[in-house]
Amino acid sequence: MTKTSANPGLSQDCLDALRAQRFNFFSGVADSTLASLIELLSNDPLGYVPAAREDLAIGMASGAHLAGRRACVLMQNSGIGYCLNALTSLNMIYKIPLLLIVGYRGYEGKDAPEHWVMGKHCTALLEEIGVKTLVPEAADLPRAIEQAAGWMSGSQLPVAVFVRPGML
């Protein structure tokens with residue numbers, strides 16, 4: 001997966017922020033919005049475990065958490081639909097915290113039409129089931145990861161950080 005990053009420095013800053021917060025297991029589904037971060041992880045000693053679907057990535061990351069790892073799942077916001085059941089019947093009930101880094105397609109209606117509906121409602125869907133969400137500006141992404149990690153530690157629940165197209 002090779003993609004020219006809109007901001008290669010921010011992709012590295014994001015990875016550095018994940019390392020600083022001791023995230024050490026990464027899984028997810030390929031997404032063009034997150035391609036540069038996924039590429040960095042794939043070439044990093046921390047590694048990246050690709051998944052066929054977002055609910056599978058949630059399951060692997062949850063297992064990694066139970067094995068003592070600090071887990072992060074990368075996905076496009078369209079994948080939230082695939083993983084709502086895994087989040088509600090596993091993570092929320094059994095207090096399995098994960099960081100979700102979510103490519104935010106359809107943000108403010110700016111995208112192809114197939115992304116408009118999920119783009120409009122994805123943060124509310126997660127908030128409704130108890131998953132806190134952050135939608136930072138590009139320069140605030142490392143700080144958002146730090147804040148999300150703090151929320152995860154305090155609540156033992158998943159937290160989602162949304163990355164708009166062009167940020168990475």
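A few remarks follow.
- Residue 108 fulfils the conditions (1) within 18 Å of residue 157 (Cα to Cα); (2) at pLDDT below 95; (3) among the acidic types (Asp, Glu) except for a single criterion, (1).
- Of all residues in the range 112-166, exactly one satisfies the criterion of being closer than 25 Å to residue 66 by Cα, of a type in the set (Ser, Thr, Tyr) and touching a helix residue (DSSP H, G or I) at 6+ places or on another chain (Cβ under 9 Å), namely 133.
- Failed item, numbered, when residue 78 is tested on (1) among the hydroxyl-bearing types (Ser, Thr, Tyr); (2) buried (at least 19 other Cβ atoms within 10 Å of the Cβ); (3) in contact with a strand residue (DSSP E or B) (Cβ under 8 Å, 6 or more places away or on another chain): (3)
- Any hit, the range 118-125, residues being part of a helix (DSSP H, G or I) and more than 20 Å from residue 163 (Cβ to Cβ): no
- Filter result for residue 124 (touching a Leu at 6+ places or on another chain (Cβ under 7 Å), of a type in the set (A, V, I, L, M, F, W, C) and either over 18 Å from residue 21 (Cα atoms) or surrounded by 14 or more Cβ atoms within 10 Å (Cβ to Cβ) (or both)): no
- You will find that of 98, 66, the residue that is modelled with pLDDT of 95 or more, within 19 Å of residue 163 (Cβ to Cβ) and either of a type outside the set (Phe, Trp, Tyr) or out of contact with any helix residue (DSSP H, G or I) (no Cβ under 7 Å at 6 or more places or on another chain) (or both) is 98 and no other.
- Number of positions in the range 83-129 that are in contact with a strand residue (DSSP E or B) (Cβ under 8 Å, 6 or more places away or on another chain) and free of Cβ contacts under 8 Å to residues at least 60 places away in the same chain: 6
The values are calculated or read from the model by the stated rules, or taken from the named source; none is laboratory data. None of these values were measured; they are calculated from a predicted model. As a convention, Cβ positions derive from the backbone with ideal geometry for all residues, glycine included, and neighbour counts pool all protein chains shown.
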